[in-house]
């Protein structure tokens with residue numbers, strides 16, 4: 001795994017976890033009883049984005065370490081995910097021009 005793929009994998013994991021953490025413990029303006037004019041009553045009263053970003057980062061680092069370890073150790077490779085046998089085997093030479 002190269003540095004670019006490691007960064008992309010971390011970004012994907014981070015955003016997936018962020019979208020999971022985002023609605024947790026959310027209090028809407030309607031529940032709070034203080035609806036700001038021009039906003040919907042289901043808008044968050046206090047989104048706590050900095051706190052949720054920190055929680056997301058901690059979880060994403062842990063999950064990224066697990067995924068990176070699995071990939072780098074070779075426990076799972078791309079060939080393991082080739083369920084339709086479209087990839088040539090490792091011993092078979094590639095046919096070129």
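The values are calculated or read from the model by the stated rules, or taken from the named source; none is laboratory data. This one's a predicted model, so the numbers in the text were calculated from it and none came from an experiment. Note: ideal-geometry Cβ built from the backbone for every residue, glycine included; neighbour counts use all protein chains shown.
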- Kindly indicate the residue of the range 12-26 that is out of contact with any strand residue (DSSP E or B) (no Cβ under 7 Å at 6 or more places or on another chain) and either part of a loop (DSSP other than H, G, I, E, B) or modelled with pLDDT under 90 (or both) and also farthest from residue 67 (Cα to Cα) among those meeting that condition. 25
- Message: For the range 40-72, which positions are out of contact with any strand residue (DSSP E or B) (no Cβ under 6 Å at 6 or more places or on another chain), in a loop (DSSP other than H, G, I, E, B) and exposed (fewer than 12 other Cβ atoms within 10 Å of the Cβ)?
- Response: 40, 46
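Rundown of residues vs (1) surrounded by 12 or more Cβ atoms within 10 Å (Cβ to Cβ); (2) closer than 19 Å to residue 51 by Cα, yes/no style:
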site	(1), (2)
4	no, no
11	yes, yes
15	yes, yes
18	yes, yes
22	yes, yes
25	no, yes
32	yes, no
35	yes, no
38	no, no
